[in-house]
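**Student:** Mind having a look at this structure? Questions to follow.
The values are calculated or read from the model by the stated rules, or taken from the named source; none is laboratory data. Bear in mind the structure is a predicted one, so any value in this text is a computation, not a measurement. Here the Cβ positions follow ideal geometry from the backbone for every residue, glycine too, while neighbour counts run over all protein chains shown. Remember, those area values only see protein heavy atoms, side chains included, never the ligands or the DNA or RNA. Shrake-Rupley method; radii C 1.70, N 1.55, O 1.52, S 1.80 Å.
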Amino acid sequence: MPERVYNFYAGPAILPYEVVKESAKGAVNFNDLGMSVMEISHRSADFDRVFCDAQMDMLRIMGLSEDEYTVLFLGGGASTQFCMVPFNFLKESMTADYVVTGGWAKKAVKEGKYFGNVNIAATSEDRNFCYIPGDYDLTPGAAYVHTTSNNTLVGTQMRDFPETGNVPHVCDMSSDFLSRRMDYGKFSLIYAGAQKNIGPSGVTAVVVRKSWVDQAREDIPTMMAYRTHLDKNSLFNTPPCFAVYVVGLVLKWILEQGGLEAVEAANEKKAALLYDYMDDNSDFYMGTADRDSRSLMNVTFRLPDEGLEKSFIAESTKRNLIGLKGHRSVGGCRASIYNAMPYEGVEALVQFMKDFRKNG
Ligand SMILES: *Cc1c(COP(=O)(O)O)cnc(C)c1O
């Protein structure tokens, strides 16, 4: 293997190489302290700077103000947010609206039902989640509306979000967080497992409107309450320090690229290269998502039969293109081309697709 391959895994996933190398330094001797960033106290001044910088950089990238929002770095993955959100905000007599656009959204629904009424405001399950529904049956006075911005398994992405009016909007942005410009201020709570687009596994970013936390239930277990983490600035218990450190480096990398405008332009260019080739060869590489719903992050496709898919994946690894197998629940192939995937990686993939089509 070369020192670096093109990594198309869906998560944990590719990180900017500069970040990987920098974090390797910090893993040994952080800030010239003679200690690893893994060895220092989460209450030390050096770590405090890492933590506060990451919080501030994230808000800055999103165009949100510190007065209104806070960033929490929590453990338990995005999956824990599936239950923390209703635990805090869905009182028994209330209804929450869920837009069900994939397997992760279904898991969020399951947790919501433990706490209150769940209304499926829209679903695309009738066609295996290959599209984003356009009409939403929203409940007036709902506790919140829950959406998933990008559906990692099926390769669809939400472009137009439901207008929720005064109802708080919660969004699982795990697999396209900080990949594009957006009015982030219309959401009351955004959560994202870091390991798809902004860091290693082990930490989940929760960006929450502070005034909404004031309305959360308080009669719930300490670690489950957003209030606890807000009051202690995410340091109620030991945070996943190393993961937060790496997320911080990724945020600085995003700022160096030119922020979300530059990142979005790069993502659009990469996705266009791949989708344009697929569209011209759709008798062989068949995209599984409807064109107007497809994701700039996870590109899903099938080949004419499973035997060809198997050899496609086997051959691709010989070209150092790694992780192209689709999720086990949907099969086929998937190329995850997150922020950190260089344009050259997608070029190499498209070249391989051309060669494979020609030579088998
Ligand atoms: C991966 C993923 C999750 C689950 O994340 P964990 O951190 O493994 O709990 C949730 N939602 C989406 C959209 C995902 O892609």
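**Student:** Accessible surface of E261 in the full protein assembly, 1.4 angstrom probe, to the nearest 10 Å²?
**Tutor:** 120 Å²
**Student:** On average, how much accessible surface per residue is there in segment 18-257, in Å², for a 1.4 Å probe, leaving out ligands, DNA and RNA?
**Tutor:** 41 Å²
**Student:** Would you look at the GNM of the chain, springs on alpha carbons closer than 10 Å, and say which of A262, A54, A78 moves the most?
**Tutor:** A262
**Student:** Continuing with this model, one more query. Distances longer than 28 Å among the Cα atoms of the chain: what percent of all pairs is that?
**Tutor:** 45 percent
**Student:** Residues with amide H under 5 Å of T123's amide H, sequence separation 5 or more or different chain, H placed in the peptide plane at 1.01 Å from N; which?
**Tutor:** V100
**Student:** Taking amide hydrogens as modeled 1.01 Å from N in the peptide plane, which residues meet the under 5 Å criterion relative to Y69, leaving out close sequence neighbours?
**Tutor:** Long-range HN contacts for Y69: K210.
**Student:** Show E66, E111 ordered by accessible area, largest first, where the area counts protein heavy atoms only and the probe is 1.4 Å. Mind showing how you got there, number by number?
**Tutor:** Values: E66 110, E111 45 Å².
The most accessible residue leads, giving E66, E111.
**Student:** With contacts defined as alpha carbon pairs under 8 Å and 6 or more residues apart, what's the relative contact order of segment 18-257 in percent?
**Tutor:** 25 percent.
**Student:** May I ask for the net charge around I120, where only other residues with Cβ less than 13 Å from the Cβ of I120 are counted and Lys, Arg are +1 while Asp, Glu are -1?
**Tutor:** Numbers: positive: K106, K110, K113; negative: D97, E125, D126, D135, D137.
Net of charged neighbours comes to -2.
**Student:** Note the full-extension length gain between K358 and D160 as 0.36 nm times their separation in residues minus their Cα-Cα distance, in nm to one decimal.
**Tutor:** Gain on extension, K358 to D160, equals 67.4 nm.
**Student:** To the nearest Å, what is the center-to-center distance of segment 318-342 and segment 1-65, using C-alpha atoms only?
**Tutor:** 24 Å
**Student:** Whenever you get a sec, line up M341, M182 from highest to lowest accessible area (probe 1.4 Å, protein heavy atoms).
**Tutor:** M182, M341
**Student:** Can you tell me, using C-alpha contacts under 8 Å and at least 6 residues apart, the relative contact order of segment 150-241 as a whole percent?
**Tutor:** 17 percent
**Student:** Quick one: of the DSSP bridges fully inside segment 18-257, what percent are antiparallel, nearest 5?
**Tutor:** Taking every DSSP beta bridge with both residues in segment 18-257, the antiparallel ones total about 45 percent.
**Student:** Here's a follow-up. Let me check I've understood the local charge: for S293, count other residues with C-beta under 12 angstrom from its C-beta, Lys and Arg +1, Asp and Glu -1. What total comes out?
**Tutor:** +1
**Student:** Explain nothing, just the number: relative contact order of segment 190-243, from Cα pairs under 8 Å at least 6 residues apart, as a whole percent.
**Tutor:** 28 percent
**Student:** Treating the beta-carbon of each Lys and Arg as +1 and of each Asp and Glu as -1, no other charges, what is the dipole magnitude of segment 18-257 about its Cα centre, to the nearest 20 debye?
**Tutor:** Roughly 340 debye for segment 18-257.
**Student:** Given a 1.4 Å probe and heavy atoms of the protein chains only, how would you sort L189, L64, largest accessible area at the top?
**Tutor:** Heavy-atom accessible area, descending, gives L64, L189.
**Student:** Hydropathy first: keep DSSP H helices in the chain averaging at least 1.0 on Kyte-Doolittle, then drop any whose Cα extent along the axis falls short of 18 Å, and list what survives. If you can, show how the numbers build up before the last one.
**Tutor:** Numbers: long enough: 45-62 (26 Å, 0.19); 77-89 (19 Å, 0.64); 241-257 (24 Å, 1.55); 259-280 (32 Å, -0.40); 306-318 (19 Å, -0.62); 343-359 (24 Å, -0.59).
For the chain, where a helix must reach 18 Å along its axis and average at least 1.0, the hits are 241-257.
**Student:** Right, something else. First measure r as the distance between the Cβ atoms of D53 and E315, then evaluate 1/(1 + (r/R0)^6) with R0 = 45 Å and state the FRET efficiency to the nearest 0.05.
**Tutor:** The pair D53/E315 has a calculated efficiency of 0.55.
**Student:** Lysines near K110 by alpha-carbon distance under 28 Å, same-chain residues fewer than 8 away left out - which ones?
**Tutor:** List returned: K91, K186, K196, K210, K325.
**Student:** Let me ask something else about it. Using a 1.4 Å probe, how large is the accessible area of R334, given in Å² and rounded to the nearest 10?
**Tutor:** About 20 Å², ignoring ligands and nucleic acids.
**Student:** Specify the inter-centroid distance of segment 207-243 and segment 246-299, based on alpha-carbon positions, in whole Å.
**Tutor:** Cα centres, segment 207-243 to segment 246-299: 33 Å.
**Student:** Sorted by packing (mean other beta-carbon atoms within 10 Å per residue), highest first, where do 160-173, 264-277 land?
**Tutor:** 160-173, 264-277
**Student:** Further, regarding this structure: Summarise the accessible area of the chain (1.4 Å probe, protein heavy atoms) by the percent that is carbon and sulfur.
**Tutor:** Carbon-and-sulfur percentage of accessible area, whole number: 49.
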